[in-house]
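Report on the following structure.
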Amino acid sequence: MTKAESSTGKMINHYVNGEVVTGTSGRQANVFNPATGEVTAQVALAAAQEVEMAIAAAEAAYPAWRATPPAKRAQVMYRLKMLMEQNADKICELITSEHGKVLNDAMGELQRGIENVEYACGVPELLKGEHSKNVGPAIDSWSEFQPLGVVAGITPFNFPAMVPLWMWPMAIACGNTFVLKPSERDPSSVMYICELAQEAGLPAGVLNVVNGDKEAVDVLLTDERVKAVSFVGSTPIAEYIYQTANANGKRVQALGGAKNHAIVMPDADIDNAVSALMGAAYGSCGERCMAIPVVVAVGNEVGDAVVAKLSAELATMKVGPGTDNNNDMGPLITKEHFKKVSGYVDLGIEEGAELVVDGRNLVVAGHEEGYFIGGCLFDKVTPEMKIYRDEIFGPVLCVVRAESLQQAMDLIDAHEYGNGTCIFTRDGEAARYFTDNIKVGMVGVNVPLPVPVAYHSFGGWKRSLFGDLHAYGPDSVRFYTKRKTITQRWPSGVRESAVFTFPINS
Ligand code: NAD
């Protein structure tokens with residue numbers, strides 16, 4: 001047995017009905033520190049009965065939680081926000097130890113997650129209904145937004161704390177109870193935040209966490225007690241989630257993968273654009289769904305300048321363990337993913353792209369077993385290449401050259417994904433034309449990562465999102481509630497003869 005395969009003695013279990021519950025399936029997976037390649041824990045992989053227990057706990061907690069006034073539910077959110085801020089360093093250490101991202105970057109992730117909790121603090125205001133008096137003689141009508149019941153969330157590895165916080169705070173603030181299935185690759189920050197939620201006063205059973213893989217997910221997609229499913233992850237799985245949960249009568253939102261393009265116009269401030277692109281392409285080792293893995297340079301002069309400046313910047317980019325905030329970029333998440341990303345760099349060369357900066361073969365002293373790869377830069381990439389079409393999800397930036405803004409936009413529109421995009425320009429007219437017409441859900445103008453703030457909603461177009469409503473923000477209030485419209489006559493003492501025609505407003 002190698003060091004990497006040996007048992008650590010640290011077991012990450014499930015959180016059901018307000019307590020840690022030991023996994024009983026007998027199945028488990030290793031959790032690694034990607035900076036060292038060492039196994040740091042085993043995570044329990046839930047069997048169907050264990051997920052069913054979590055659903056049962058959520059269902060039992062639902063009536064009392066639904067009846068809890070929204071202002072009281074908001075108070076729990078407020079205390080949770082304070083607790084997360086007080087314990088931010090510990091949460092970030094957990095994120096970095098399993099994901100690998102640099103601590104400062106983990107802090108940014110956590111901050112964006114906390115903003116969703118802050119938004120959920122406003123739930124009494126957000127749940128206010130719509131009221132109309134005298135819609136008919138002595139008749140009033142109103143719409144209210146009722147919770148759905150038990151809802152589920154399934155989340156990816158790349159934002160282990162933030163993406164779950166897109167989902168469950170608003171879902172439970174709206175009066176639902178929740179079963180979360182986080183990524184099995186880095187579950188510790190989720191488990192800790194769940195403990196903080198109990199400390200904040202969340203009653204047992206309102207938030208449950210089951211660790212696991214497809215076996216656990218499939219129960220959440222098919223069990224009739226689960227009324228809605230939020231998913232964030234890769235597109236093939238998002239499509240499967242959407243179709244399966246939909247076929248089982250659930251409301252579903254499934255956010256998928258991305259290949260975000262940044263256009264650099266001839267009039268752009270190239271130095272600023274290149275600084276912005278460095279962070280957007282290589283931050284978090286390119287493992288962000290809003291990362292920029294493609295630059296479309298409009299005009300060859302722009303292309304040459306961007307490639308030259310990016311190469312110079314890459315020569316100074318620091319790669320190393322995320323525990324050292326002096327590093328710009330940490331390792332990839334797993335050995336398999338490392339092999340996949342390196343394989344794409346090999347493929348790009350075979351496909352005829354020009355590898356200007358080669359990050360393969362990077363060795364980080366003292367971390368030789370870590371999953372580190374340096375930043376890679378390809379020039380002369382064309383739309384037929386797989387390195388252009390596929391989501392690589394690593395620090396590999398492709399430069400494509402276009403002759404005009406329209407040609408650059410046509411490329412983006414033809415791509416299967418439509419998550420984020422950005423234009424670098426000083427030309428307001430070009431920016432306006434771009435934002436008006438591009439077929440992408442989140443658009444930046446001189447902003448490389450246009451991730452909406454918590455009081456807007458997050459979501460892509462095309463095969464980056466299956467479903468109608470986006471994640472968090474106002475759309476999440478609609479996603480996690482059902483509209484009910486009540487029409488009432490009161491007092492009802494007037495005696496009327498039977499009316500057989502359709503009621504009209506008179
Ligand atoms: P993934 O699709 O492999 O896993 C996501 C979740 O689905 C995990 O909880 C995993 O356990 C579960 N899962 C995996 N295989 C499954 C299967 N066959 N059946 C049922 N469930 C399954 O994604 P990942 O590698 O963890 O995350 C990276 C991906 O997530 C990238 O594609 C990235 O673009 C995407 N992502 C998208 C957004 C967005 O908002 N659009 C945000 C973050 C990440």
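Every number in this text was worked out from the coordinates using simple rules, so none of it is lab data. Here the structure is a predicted model, which is why all the values come from computation and not from measurement. Here the Cβ is made from the backbone with ideal geometry for all residues, glycine too, and neighbour counts use every protein chain on show.
Report, in debye and to the nearest 20, how large the dipole of the stretch 395-506 comes out about its Cα centre when Lys and Arg carry +1 and Asp and Glu carry -1 on their Cβ. Before the final figure, lay out each step's value.
Values: 12 positive and 10 negative charges, 143 e Å.
Dipole magnitude for the stretch 395-506 comes out near 680 debye.
Looking at the chain only, what percent of DSSP beta bridges run antiparallel? Nearest 5 please. Intermediate results must be reported in sequence, preceding the final value.
Details: 31 of 72 bridges.
About 45 percent, rounded to the nearest 5.
Dividing the mean sequence gap of close Cα pairs (under 8 Å, 6+ apart) by how many residues the stretch 251-346 holds gives a relative contact order of 25 percent.
Lys and Arg at +1, Asp and Glu at -1: add these up for the other residues within a Cβ distance under 12 Å of Asn419 and post the number. Write out the running numbers ahead of the final one.
Numbers: positive: Lys259, Arg288, Lys439, Lys462, Arg463; negative: Glu391, Glu416.
With Lys, Arg at +1 and Asp, Glu at -1, the net is +3.
With everything on Cα atoms, drop me the angle between helix 188-199 and the longest principal axis of the chain, reported from 0 to 90° to the nearest 10. On a 0 to 90 degree scale, this one is about 30.
Near Ser183, the amide H atoms lying under 5 Å from its own belong to Thr155; only residues 5 or more places off or on other chains count, and H is placed 1.01 Å from N. Expressed to the nearest 5 percent, the antiparallel share of DSSP beta bridges inside the stretch 261-445 is 10 percent. Just want to confirm a number: the relative contact order over the chain, from Cα pairs under 8 angstrom separated by 6+ residues, in percent. It rounds to 18 percent for the chain.
Between the alpha-carbon centres of the stretch 127-176 and the stretch 455-494 there is a gap of 7 Å. For Gly444, the residues whose amide H sits under 5 Å from its own are Thr421, Cys422, Ile423, ignoring neighbours fewer than 5 places away on the same chain, with H placed 1.01 Å from N. Shown for the stretch 56-205: lysine pairs separated by 8 or more places, or found on different chains, whose C-alpha atoms are under 29 Å apart, numbering 12. Straight-line cross-link partners of Lys462 among the aspartates and glutamates, defined as a Cα under 14 Å from its Cα and at least 8 positions apart when in the same chain: Glu239, Asp413, Glu416. What angle do you read, to the nearest 10 degrees and between 0 and 90, between the alpha-carbon axis of helix 300-316 and the longest principal axis of the chain? Orientation of helix 300-316: about 90 degrees from the principal axis.
From the residues Val307, Gly374, Ala197, which one has its Cα farthest along the dipole of the chain in the positive direction, the dipole being from +1 and -1 charges on Cβ of Lys/Arg and Asp/Glu about the Cα centre? Value: Ala197. Our summary gives the stretch 261-445 a relative contact order of 28 percent, counting only alpha carbon pairs under 8 angstrom and 6 or more residues apart. Couplings for the stretch 212-218, taken from phi via the Karplus curve 6.51 cos²θ - 1.76 cosθ + 1.60 with θ = phi - 60°, read x, 10, 3, 4, 5, 4, 4 Hz in order; Gly and Pro are left as x.
Here the Kirkwood formula, the inverse mean of 1/r across different C-alpha pairs, assigns the chain a hydrodynamic radius of 24.2 Å. Scanning residues 5 or more positions from Ser25 or on other chains, those with amide H under 5 Å from its amide H are Ala47, with H placed 1.01 Å from N in the peptide plane.
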